[in-house]
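**Q** Just dropping this structure here.
The values are calculated or read from the model by the stated rules, or taken from the named source; none is laboratory data. This structure is a prediction, so every number in the text was calculated from the model and none was measured. Methodologically, a virtual Cβ is constructed for each residue, glycine included, from the backbone with ideal geometry; neighbour enumeration extends over all protein chains shown. Side chains are part of the model used for accessible areas, which takes the heavy atoms of the whole protein and leaves out ligands, DNA and RNA. Shrake-Rupley method; radii C 1.70, N 1.55, O 1.52, S 1.80 Å.
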Amino acid sequence: MPTHLLITAFGPDRPGIVSELSNIISLHGGNVEESRMTNLGNEFAILLLAKIQNNQLDSLKNQFKEFKGLSIYTKSTMSKIAIDGIECVIYLVGADHEGIIAGLAKYLSKNTINIYEMITNTTHAPSTGTILFNMQANITLPNNINFDKIKSELKHIANDLGVDIKIEKLD
């Protein structure tokens, strides 16, 4: 019987990490179903969900212990569950400063709005060179929430944080 295994790994970036890790999973009859992989600082970070046969779990975990240069952690989990609520995406951009994520996340949490995926980065403004903070957050609004009210309140949050925020419903 298969199980879903959440695998997180990080270590110094170098060519071949993805090939080696995915090969180990494949050799144990596993299949990568979802993944996020990126370079953060000088470290390569991996987050993935793989489906593995239960009789291969111990062997796979032992092979991960022998993997040189990566810290690898695993946790059995369920497959992805259906999202209950109104799926939306928030786009945020503004001059980078402390507290942007904390300010927005506090508001979302207070309104029982779930962040299920977030991507952030910084770029330089074309004309001034100012460091800009960019964020895309996929969220789930409770079914009984007033979208227009949330949209209006996010404008106030944007003013307080000194950023631009746009929210859109996903189809």
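**Q** Among the residues of segment 151-171 satisfying the criterion of being basic (Lys, Arg) and part of a strand (DSSP E or B), which is farthest from GLY99 (Cα to Cα)?
**A** That would be LYS169.
**Q** Just the residues that are surrounded by 14 or more Cβ atoms within 10 Å (Cβ to Cβ) and more than 27 Å from TYR116 (Cα to Cα), please, taken from segment 21-45.
**A** Listed by number, the residues that qualify are ILE24, HIS28, GLY29.
**Q** Conditions first: (1) within 22 Å of MET37 (Cα to Cα); (2) under 20 Å from the mean Cα position of the chain (by Cα); (3) open to solvent by 80 Å² or more (accessible area, probe 1.4 Å). LEU48 passes all but one, so which condition is the exception?
**A** (3)
**Q** Pull out all pairs, ordered by first then second residue, where Cβ-Cβ is under 9 Å, the residues are six or more apart or on different chains, the first lies in segment 43-57 and is touching a residue at least 24 places away in the same chain (Cβ under 8 Å), and the second is basic (Lys, Arg) and in a strand (DSSP E or B).
**A** ALA45/ARG36; ILE46/ARG36; LEU47/ARG36; LEU48/ARG36
**Q** Right, here's the next one. When only residues in segment 51-84 that are aromatic (Phe, Trp, Tyr) and under 23 Å from the mean Cα position of the chain (by Cα) count, which is least open to solvent (accessible area, probe 1.4 Å)?
**A** Once the filter is applied, the top-ranked residue is PHE64.
**Q** Does TYR116 satisfy being within 18 Å of ASP171 (Cα to Cα) and open to solvent by 80 Å² or more (accessible area, probe 1.4 Å)?
**A** no
**Q** Continuing with the same structure: Please state which one of THR140, THR123, THR128 is among the β-branched types (Val, Ile, Thr), farther than 23 Å from THR38 by Cα and in a strand (DSSP E or B).
**A** Going through THR140, THR123, THR128 in turn, the sole match is THR140.
**Q** Determine whether segment 143-150 contains at least one residue that is in a helix (DSSP H, G or I), in contact (Cβ under 8 Å) with a residue 60 or more places away in the chain and surrounded by fewer than 16 Cβ atoms within 10 Å (Cβ to Cβ).
**A** Yes.
**Q** How about segment 1-109: which strands (runs of 3 or more DSSP E) wholly inside it have at least 3 residues that are among the polar types (S, T, N, Q) and more than 28 Å from ILE167 (Cβ to Cβ)?
**A** Ranges flagged: 71-77.
**Q** Of the conditions (1) surrounded by 13 or more Cβ atoms within 10 Å (Cβ to Cβ); (2) farther than 23 Å from ILE119 by Cα; (3) of a type outside the set (A, V, I, L, M, F, W, C), THR8 clears all except one; give me its number.
**A** The one condition THR8 does not meet is (2).
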